[in-house]
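> After the structure tokens below, expect a handful of questions from me.
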Amino acid sequence: MLVRIWAFTISGSDIVRASSVFIPEFSDLTEQAQEYMFGYSILMLLKPGGFFVHGMSVDSCQLYQRHWIIKSNDNAVGDFNGEAVIGQKEFVYECCITSTTSAGAIEGSYTFIPGRLADPQGSPFEVKVARFPLVLPEYIF
């Protein structure tokens, strides 16, 4: 049984849901190794009817960049910036991460371009992804 941990961010135009799950099959819990594999998923939905960015109504956007801060026991162990995949009104980003500690967190943001990269309809805007935990569950089934 997998136990998902959730974090939500709701702003005026979007809903971001992030979840993580411990993956025991790809973890090594021996004292010598202590490698913990976590999977995480981030779902973003733009509210129906479009949204307002910089005072302008926009009904579509394209994902441009992403920024992640990865923490292990409240210490930053990674700060990643990178180009993102093409976005639509709804998208899911899924990935895995290996950690040497059983407690951590990820937070960050996405940068979007209103319209399309090839035909921007305004200035870039940022959507925050709330901090969500990476934790070893109390029970592993």
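The values are calculated or read from the model by the stated rules, or taken from the named source; none is laboratory data. Predicted model only: the values in this text are computed from it and were never measured. Methodologically, a virtual Cβ is constructed for each residue, glycine included, from the backbone with ideal geometry; neighbour enumeration extends over all protein chains shown.
> Does residue 65 satisfy the condition of being of a type in the set (S, T, N, Q) and modelled with pLDDT of 85 or more?
Against the criterion (of a type in the set (S, T, N, Q) and modelled with pLDDT of 85 or more), residue 65 qualifies.
One line per residue, one yes/no per condition, for (1) aromatic (Phe, Trp, Tyr); (2) closer than 26 Å to residue 27 by Cα; (3) modelled with pLDDT of 90 or more; (4) exposed (fewer than 12 other Cβ atoms within 10 Å of the Cβ):
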residue: 71; (1), (2), (3), (4): no, yes, yes, no
residue: 94; (1), (2), (3), (4): no, yes, no, yes
residue: 100; (1), (2), (3), (4): no, yes, no, no
residue: 112; (1), (2), (3), (4): yes, no, no, no
residue: 121; (1), (2), (3), (4): no, no, no, no
residue: 135; (1), (2), (3), (4): no, yes, no, no
residue: 141; (1), (2), (3), (4): yes, yes, no, yes
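> Going residue by residue through segment 20-35, is there one that turns out to be touching a Phe, Trp or Tyr at 6+ places or on another chain (Cβ under 7 Å), at pLDDT 85 or above, in a strand (DSSP E or B) and over 14 Å from residue 136 (Cβ atoms)?
No, segment 20-35 has no match at all.
> Could you grab the pairs with beta carbons closer than 6 Å, sequence gap of 6+ or different chains, first residue in segment 100-111 and of a type in the set (Ser, Thr, Tyr), second one at pLDDT 90 or above?
Close Cβ pairs satisfying both conditions: 102/36; 109/67.
> Look through 110, 139 and report the one residue that is under 12 Å from the mean Cα position of the chain (by Cα) and of a type in the set (Ser, Thr, Tyr).
Checking each option against the conditions leaves just 110.
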